[in-house]
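For reference, the structure is listed below as structure tokens.
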Amino acid sequence: SQTIHQWPATLVQPVGSPLSLECTVEGTSNPNLYWYRQAAGRGLQLLFYSVGIGQISSEVPQNLSASRPQDRQFILSSKKLLLSDSGFYLCAWSTAGETQYFGPGTRLLVL
Amino acid sequence: SQQGEEDPQALSIQEGENATMNCSYKTSINNLQWYRQNSGRGLVHLILIRSNEREKHSGRLRVTLDTSKKSSSLLITASRAADTASYFCATAFNDYKLSFGAGTTVTVRA
């Protein structure tokens, strides 16, 4: 069966520090991968998606970047965090056009 | 931008009652999906309804889709305390992306 992992679960970082959030998927090949951000009490904002290794599409211009160094690994990064980067970050995978399966999320607090 | 919009934003019901929430969207879709999110957790897929389907059931869940009105509804029958969560609709209009609404927060009182 397929599983999706995200780490860390919680992160507190100072403004201006770098960020690296990791997402890995097991049990499937060549998945579509997604990074979302959810502000408190709000819906999901799609940040990046990837349909293959090295292929990244950015949905929202911002302080963040994404990379997919391996088929089932998706990384969200920032060189310098802003206060507005605080939120709940969710990774998800899918096969084309169908259900998305979400990881447990990373709660990021930038102080 | 978010295409799906849920209504109401919040819903409080007694255990055993039915809960109905609605989703409206703006453009043509391939399918529409409903997800549940418990507080502080990831989203869990509930049901997918394709654009050529009108109604779908899964356990105590019933989803309808009216493409002429660009709307969908999710009905939870005989609600339980464990149904307390936020519910999101998501529309798929291509093979890659979903557009999520802001969600309906459901509280089931014992």
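Beta bridges per DSSP, both residues in the protein assembly as shown: antiparallel share near 90 percent. Cα-based radius of gyration for chain B, normalised by 2.2 N^0.38 Å, reads 1.00. For region B:2-100, the solvent-accessible area works out to 48 Å² per residue, with a probe of 1.4 Å and every protein chain left in place.
Proximity of backbone amide H atoms, modeled 1.01 Å from N, is registered between A:Leu82 and A:Gly16 at under 5 Å, excluding neighbours fewer than 5 places apart on the same chain.
Give me a single rounded figure for B:11-20: the average over its residues of other chain Cβ atoms within 10 Å of their Cβ.
Across B:11-20, the average partner-chain Cβ count within 10 Å equals 0.
For B:Lys69 and B:Thr107, the difference between the fully extended length at 0.36 nm per residue and the C-alpha to C-alpha distance is 10.9 nm.
Only protein heavy atoms count here, probed at 1.4 Å, and on that basis chains A and B bury about 1600 Å² of accessible area in total.
Each residue of region A:58-72 is assigned a 3J(HN,Hα), and the resulting list reads 9, 9, 9, x, 6, 7, 10, 9, 9, 9, 10, x, 9, 4, 10 Hz, derived from the Karplus form 6.51 cos²θ - 1.76 cosθ + 1.60 (θ = phi - 60°), x at Gly and Pro.
Stokes-Einstein diffusion for chain A, with the hydrodynamic radius set to the Kirkwood value over Cα pairs and evaluated at 4 °C in a medium of 1.567 mPa s, equals 93 µm²/s. When only Cα pairs below 8 angstrom with a gap of at least 6 residues are kept, chain A shows a relative contact order of 36 percent. Ordered from longest to shortest, the equivalent ellipsoid semi-axes for the protein assembly as shown are 30, 20, 16 Å, each the square root of 5 times a Cα gyration tensor eigenvalue. Once the mean of 1/r is taken over each pair of separate Cα atoms and inverted, region A:28-80 shows a Kirkwood hydrodynamic radius of 11.7 Å. Among B:Asp7, B:Asp83, the order of accessible area from largest down is B:Asp7, B:Asp83, computed with a 1.4 Å probe on protein heavy atoms. Evaluated over chain B, the count of Lys pairs having alpha-carbon atoms less than 17 Å apart is 4 (only pairs 8 or more residues apart or interchain). In terms of accessible area, using a 1.4 Å probe and ignoring ligands and nucleic acids, A:Phe74, A:Phe102, B:Phe93 rank largest first as B:Phe93, A:Phe102, A:Phe74. Averaging the Cα positions of each part gives two centres, and for region A:80-111 and region B:71-98 these lie 19 Å apart. Per residue, region A:28-111 exposes 44 Å² of accessible surface when a 1.4 Å probe is rolled over the protein heavy atoms with every protein chain present. Among A:Leu83, A:Leu46, A:Leu21, the largest mean-square fluctuation in a Gaussian network model of chain A (Cα springs under 10 Å) belongs to A:Leu83.
The values are calculated or read from the model by the stated rules, or taken from the named source; none is laboratory data. Not measured: the values here are computed from a predicted model. Quick reminder, even Gly has a Cβ in these numbers, built from the backbone with ideal geometry, and neighbours come from all protein chains shown. Heads up: the accessible areas ignore ligands, DNA and RNA and are worked out on the full protein's heavy atoms, side chains in. Shrake-Rupley method; radii C 1.70, N 1.55, O 1.52, S 1.80 Å.
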